[in-house]
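K.L.:
Handing you this structure, nothing more for now.
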Amino acid sequence: MDEKKIDAIRSKKFPMGVLDVVVLAAAIALTVFLVCTVFGEKGSGVEIVGADMRIVLPLGENATRRISDCLTVEIRDGCVRVSESDCKNKTCVKTGKVSRVGESIVCAQNGIVITVIGGGDLAGSVGKG
Amino acid sequence: MTAVALLLNLVESMLPPMLPYAPGAKIGLGNLVTLLAFVLLGYADAYLILALRCLLASVFGGNVSALIYSVPAGFISLTVQILLYHFLFRFVSIMSISFAGATVHNAVQVAVASAVVKTNLMAMLPFMLAASIVAGLTVGITAFLIIKYLPKKVYAL
């Protein structure tokens, strides 16, 4: 514990200095730029990749698929979501619906990644679902 | 302090995701305790509190596999924050240190998740950066107010 540093923090009126504002503004600008770059157009399909399989499903057709007997993927109205999963923290279920190219849902515990893809990426399936 | 960190972890786990496109991104209320620990108690205490928090949170949460994410992200993030605080204190504030910690924490988590699922998840980084801004601001301002107004006798035992 460094008393001088603590006293220096205590003596400040505001938590932010000029440098903080500059750093924050740069971070916000970079974030907006990157999000605009990554946030693509409406996807046309969804790629589901696991340890021993890869499935591509069209986003235009409503469907419900059980994946590797550990989670259920639901496609409705051009959006995909994980409706149910046997993993512990349910982060994949909490992610909710995704529909734009590049967006993904990850179930790290089951090793499954669901990614929305564009028209040119649609291809067949490999392995078991 | 470990108990407070665990309590904050528990409260945060009950909240919905901060950003829908960045699953796993949190405000990092547990990081508030770590930040306060290395400023008010010392570096060794901060590492000890972090280790106990990661271990106990995963045991109580019934998800020991979460250690794969929390341990590297927590320790690398804490080390970066301590280095900034120790060597660049004159130039950076608690808020910037908190922001740096949140950014590194999220980046390491994405990198570990990419390695675990063997898929490049770097497309998530922009959303994680957005989450880091919110987390850094929240934790940084809260930490500043606590350090400023917490009576010295509370931590200087």
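What follows is calculated from the coordinates using simple rules that are stated; it is not laboratory data. Since the structure is predicted, the reported quantities are computational estimates derived from the model, not experimental observations. Cβ placement follows ideal geometry from the backbone for every residue including glycine, while neighbour counts extend to all protein chains displayed.
K.L.:
Search the range B:77-94 for residues being more than 16 Å from residue B:49 (Cβ to Cβ) and away from chain A (no Cβ under 13 Å), and hand back the single one that is farthest from the chain's Cα centre (by Cα). Talk me through it step by step, then tell me what you get.
P.N.:
Of the range B:77-94, the ones more than 16 Å from residue B:49 (Cβ to Cβ) are B:80, B:83-84, B:86-94.
From what's left, away from chain A (no Cβ under 13 Å): B:80, B:83.
Working: B:80: 11, B:83: 15 Å.
Per the stated criteria, the residue is B:83.
K.L.:
I've got another one for you. Restricting to the range A:83-97, and then to whatever is basic (Lys, Arg) and at the interface with chain B (Cβ under 7 Å from one of its Cβ atoms), can you tell me which residue is surrounded by the fewest Cβ atoms within 10 Å (Cβ to Cβ)? Give the derivation first.
P.N.:
First, pick out the residues of the range A:83-97 that are basic (Lys, Arg): A:88, A:90, A:94, A:97.
Right, trim to at the interface with chain B (Cβ under 7 Å from one of its Cβ atoms) and you get A:88, A:94.
On the way: A:88: 14, A:94: 16.
Checking each candidate, the answer is A:88.
K.L.:
Looking at the range A:42-75, which of its residues are in a strand (DSSP E or B) and touching a Cys at 6+ places or on another chain (Cβ under 8 Å)? Show your work before the answer.
P.N.:
Pass one, the range A:42-75, residues in a strand (DSSP E or B): A:42, A:45-49, A:53-58, A:63-67, A:71-75.
Matches in the range A:42-75: A:71 only.
K.L.:
Same structure again: Return the total of residues in the range B:129-155 being of a type outside the set (A, V, I, L, M) and surrounded by fewer than 21 Cβ atoms within 10 Å (Cβ to Cβ).
P.N.:
Quick first cut of the range B:129-155, residues of a type outside the set (A, V, I, L, M) only: B:132, B:136, B:138, B:140, B:142, B:144, B:148-149, B:151-153, B:155.
Subsequent filtering for residues that are surrounded by fewer than 21 Cβ atoms within 10 Å (Cβ to Cβ) retains B:138, B:142, B:148-149, B:151-153, B:155.
Residues meeting the conditions: 8.
K.L.:
So residue B:121 fits all but one of (1) hydrophobic (A, V, I, L, M, F, W, C); (2) under 16 Å from the mean Cα position of the chain (by Cα); (3) crowded, with 17+ Cβ neighbours inside 10 Å; what number is the exception?
P.N.:
Here residue B:121 meets the rest and fails (2).
K.L.:
Has the range B:66-84 got any residue that is in a loop (DSSP other than H, G, I, E, B) and out of contact with any His (no Cβ under 6 Å at 6 or more places or on another chain)?
P.N.:
Residues of the range B:66-84 in a loop (DSSP other than H, G, I, E, B): none.
The answer is no; no qualifying residue exists.
K.L.:
What single numbered condition from (1) crowded, with 18+ Cβ neighbours inside 10 Å; (2) more than 10 Å from chain B (Cβ to nearest Cβ) fails to hold for residue A:74?
P.N.:
Status for residue A:74: all satisfied but (1).
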